[in-house]
1. Label the stretch 126-245 by shape, choosing from rounded, prolate and oblate, from the square roots a ≥ b ≥ c of the eigenvalues of the Cα gyration tensor; if a/c is under 1.5 it is rounded, and otherwise prolate applies when a/b is larger than b/c, oblate when it is not.
2. Considering the zone a paramagnetic label at Leu112 would reach in this model (a point 7 Å from Cα along the Cα-to-Cβ line), which residues of the stretch 187-213 have amide N under 20 Å from it?
3. Let me check against my output: what whole-number percent is the relative contact order of the chain, with C-alpha pairs under 8 Å and at least 6 apart?
4. Sorted by packing (mean other beta-carbon atoms within 10 Å per residue), highest first, where do 27-36, 162-171 land?
5. Using the beta-carbon distance between His166 and Ala193 and R0 = 30 Å, what value does 1/(1 + (r/R0)^6) give for FRET efficiency, to the nearest 0.05?
6. Two decimals is fine: what is log10 I(q)/I(0) at q = 0.12, 0.20 Å⁻¹ for the stretch 66-175, from a Debye sum with one equal scatterer on every Cα and no solvent?
7. Keeping all protein chains in place, calculate the accessible area per residue for the chain (probe 1.4 angstrom), answer in Å².
8. Just tell me which aspartates and glutamates come within less than 13 Å, Cα to Cα, of Lys213; anything on the same chain fewer than 8 places away is out.
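The values are calculated or read from the model by the stated rules, or taken from the named source; none is laboratory data. Model, not experiment: these values are computed from the prediction. Note: ideal-geometry Cβ built from the backbone for every residue, glycine included; neighbour counts use all protein chains shown. The accessibility values were calculated without ligands, DNA or RNA, using every heavy atom of the protein model including side chains. Shrake-Rupley method; radii C 1.70, N 1.55, O 1.52, S 1.80 Å.
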Amino acid sequence: MEGWTTLGRILVVPAILVVLEVVVRVGLVNPLFIAAPSSFLKALVIDVIKGPLLASIGATLQSVGLSFIVSTLLGLPVGYVLWRYPVMERAYQPMLAGILAAPTVLLYPVFLIFFGRTTGCIVALTSLTAIVPIILNTRQALADVNPTFVRVGISINLSDRQILRHVLFPAAVPVIFAGIKLGLIYMLLVVVALEYLVGVGGLGFFISDASYKFRIPDLYAAIVAVLILSAALMYGLNRVQRIVR
């Protein structure tokens, strides 16, 4: 049964591509709106080999990587502080929940004033968006740890740092990484959206430029590149989680 499930997952993407190819080939859809998979997959290979798409992927990866570093280095300690001091959690969690629900990407004109049309603008706004789920999940993960584990650690004379390292953190890893994964999703979405809006390079700008110039195969090739990049980043994060655990 599991084999059939795996086979279904593998075949679903080729099946969609075949159907899309047929729909475009028989003229049911105008190729100016949707490119045939054969054309945009060819464009994907050509654009990667020639360099422009590869450079755009590198620029997007740089922004996502910097945002990831900032968000995790700040989000994990802040989440711990909110758990450690309940009064701060009661004071700031509603505000953080509000930021999480708000379309913070619309703040980009304000960030443009302070940072200009630079990578710093993208990293700053992306970090603001992605840090919130990391903070909230870290606090919740630590709060959900069974108190018995902590009492056992205290009974064998572990220090606070040792309890955090050997008791709290291992038990909280799954929920913490769920927050990091959610943050990573926000990072990629906001980075590509800002690149599209601000025009400072990256996959978002590549998509905007291809759309403006009606290079439809290149447009869909860049969209496929975003999907592949997203899957690769999530796969890498899952691997890191298994190593940490």
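1. In terms of gyration-tensor shape, prolate.
2. Output list for this probe position: 189-213.
3. Numbers: 258 pairs, mean separation 63.1, N = 245.
With pairs under 8 Å counted, the relative contact order is 26 percent.
4. Numbers: 27-36: 12.9, 162-171: 15.9.
Highest-to-lowest ranking by the protection proxy: 162-171, 27-36.
5. Given R0 = 30 Å and the Cβ-Cβ separation, E is 0.15.
6. So the normalised log intensities are -0.51, -1.03.
7. 58 Å²
8. Counting by Cα, and skipping residues close in sequence, Lys213 has no aspartates and glutamates nearby.
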